[in-house]
Number of protein chains: 4
Amino acid sequence: MSVKVEHRVHFYETDQMGVVHHANYFRWFELGRVEYLRSIGVTLGELISEGILFPITEIDAKFHSPARYDDLVEIETTAVELTKVKLVFDYKITLKGEEKILVTGHSLNVFTDIASGKIIRVPENFHERFRLI
Amino acid sequence: MSVKVEHRVHFYETDQMGVVHHANYFRWFELGRVEYLRSIGVTLGELISEGILFPITEIDAKFHSPARYDDLVEIETTAVELTKVKLVFDYKITLKGEEKILVTGHSLNVFTDIASGKIIRVPENFHERFRLI
Amino acid sequence: MSVKVEHRVHFYETDQMGVVHHANYFRWFELGRVEYLRSIGVTLGELISEGILFPITEIDAKFHSPARYDDLVEIETTAVELTKVKLVFDYKITLKGEEKILVTGHSLNVFTDIASGKIIRVPENFHERFRLI
Amino acid sequence: MSVKVEHRVHFYETDQMGVVHHANYFRWFELGRVEYLRSIGVTLGELISEGILFPITEIDAKFHSPARYDDLVEIETTAVELTKVKLVFDYKITLKGEEKILVTGHSLNVFTDIASGKIIRVPENFHERFRLI
């Protein structure tokens, strides 16, 4: 399953090259991840209240063409693998309504216990929602 | 008393205008505040471990001349008032070794209790160090 | 005249205190300013193409209550004074649909010539739109 | 060749999880890259004045253990390949003076012509310095 979310590029996201600074694309991937999880009924707040975090352990991006100030971009987030121990997502950023790809990416999150910091399996009630992908 | 701290301007702190984005100067004021407190033996970690926060409640800045990528700037932080209930600082940012002022600012922090969020007085052991200004 | 724009609080805008880092509110004021200008038919791109910038010269904020991750906030931007040489705005940030004020602020921008960096008067065609406030 | 640069973790680099937000590590990689180039006598300003940019086209990171507020970290940047058309770097972030790895990463930059945006070969005078790796 894929979920799309729009983002208007802010002036403060640009750098001296006149384009979006590359570190910001990783923030946009986060927007995509959050919206994906929201779409299957999972919020960060709910996970935290169960004592669960899901830190990023690996992420990468390829920058094909830069986004610019005031562009309306679309972040498409695709769940590749959602299991009891990890979340794997692919990302594709385009200008809204256009085919041309600006940025692609891939990330891995693992579930960890807030108290111990150890990797854990999420409870069954979350896992059921992950099956919806 | 005044405390100076240096900062090398990062590329990611610039914006499309080719100068430092103004919101970053408030981050540099924070650097100044942290170094000021460190110089009188107070760390954020110590305050938190006593259940105390000191959120910003007011801040302002005047932007006289922009800082640019790779500039070495100096943030001079002056304690105007450090009492049991508040911290008032003035800031002055210059290029290191130059007189010309880039940015000036002023801030107010109040001490609050982490648990209740209410404004509180800091314990005597902190207050003694504040007298060193 | 006032213009409102919504903003969903991103996870990356929070800090270790569990609330939005205060420097981000100045970025949200920028969102408000951009949307205000857009509403009267002025875009940054148009100004730049005429060789005009309008850097911030003064800004301040009062932080009444913090915004938190995933809050839907509303930034209300009011033009106090739009003349041929300066733009003065007031800002008010609330949770959308609520009265309680989170942050208030005030800013001053002046028009400058890109080439010389000197303060200038904007051409009449911009000034006419500023009269719409 | 490897070049090390220190960085004190700022409060504004943390997020609600109480650790550094992962997007910031890509900014630290940039610090490393800038210092590496400076060490072989190449500055961004010099490249730009010759009409050359070197945008990032690929980057990745693995997050082994988080950095925290006020940590003194060390970013070690190793040149893997510096040719007339591209720069390839590896990164390793540790706490200063400790062996434990916090973050590793890898990036690819290509040289482009500012005017056309096309990939180009850098002039010989830069290439000679790249041979110093």
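Every number in this text was worked out from the coordinates using simple rules, so none of it is lab data. Nothing here was measured: the structure is a model prediction, and the numbers come from that model. Glycine also receives a Cβ, built like all others from the backbone with ideal geometry; neighbour counts cover every protein chain displayed.
Brief remarks on what is shown
- Kirkwood radius for segment D:1-59, taken over all pairs of different Cα atoms as the inverse mean of 1/r, rounds to 13.4 Å.
- When the GluC sites (Glu not before Pro) in segment C:41-133 are filtered for DSSP coil states and for at most 16 other beta-carbon atoms within 10 Å of their beta-carbon, the remaining sites are C:E50, C:E98, C:E99.
- Note on the protein assembly as shown: Cα convex hull, mean projected area over all directions, 25.4 nm².
- Shown in residue order for segment D:108-117 are the 3J(HN,Hα) couplings computed by the Karplus curve 6.51 cos²θ - 1.76 cosθ + 1.60 at θ = phi - 60°: 10, 10, 10, 7, 10, 7, 4, 5, 9, x Hz (x for Gly and Pro).
- Gyration tensor analysis over the Cα atoms of segment C:82-133 returns equivalent ellipsoid semi-axes of 30, 14, 7 Å (largest first, whole Å).
- A Förster radius of 45 Å combined with the Cβ-Cβ distance from C:E128 to A:R38 puts the calculated FRET efficiency at roughly 0.55.
- Close amide H partners of B:T112, meaning residues 5 or more places away or on another chain with modelled amide H under 5 Å apart, are B:L53, B:F54, B:I120.
- The sum of -39500 (n - 2.57) across all DSSP H runs of n ≥ 4, divided by the residue count of the protein assembly as shown, sets its helix-only mean residue ellipticity at 222 nm to -6500 deg cm²/dmol.
- Within straight-line cross-link reach of D:K96, lysines at Cα separation under 24 Å, skipping those fewer than 8 residues along the same chain: B:K4, D:K4, D:K62
- Mean projected area in nm² (Cα convex hull; one quarter of hull surface) for chain D: 8.3
- Between B:V110 and D:D113, the modelled labels are 6.1 nm apart [label points 7 Å from Cα along Cα→Cβ].
- Sites D:K4 and D:R121, calculated FRET efficiency, Cβ-Cβ separation with R0 30 Å, nearest 0.05: 0.50
- Phi to ³J(HN,Hα) by Karplus 6.51 cos²θ - 1.76 cosθ + 1.60 over segment B:23-35, Hz, x for Gly, Pro: 4, 5, 4, 6, 6, 5, 4, 4, 4, x, 4, 4, 5
- Alpha-carbon centroids, segment B:1-79 and segment A:95-110: separation in whole Å: 34
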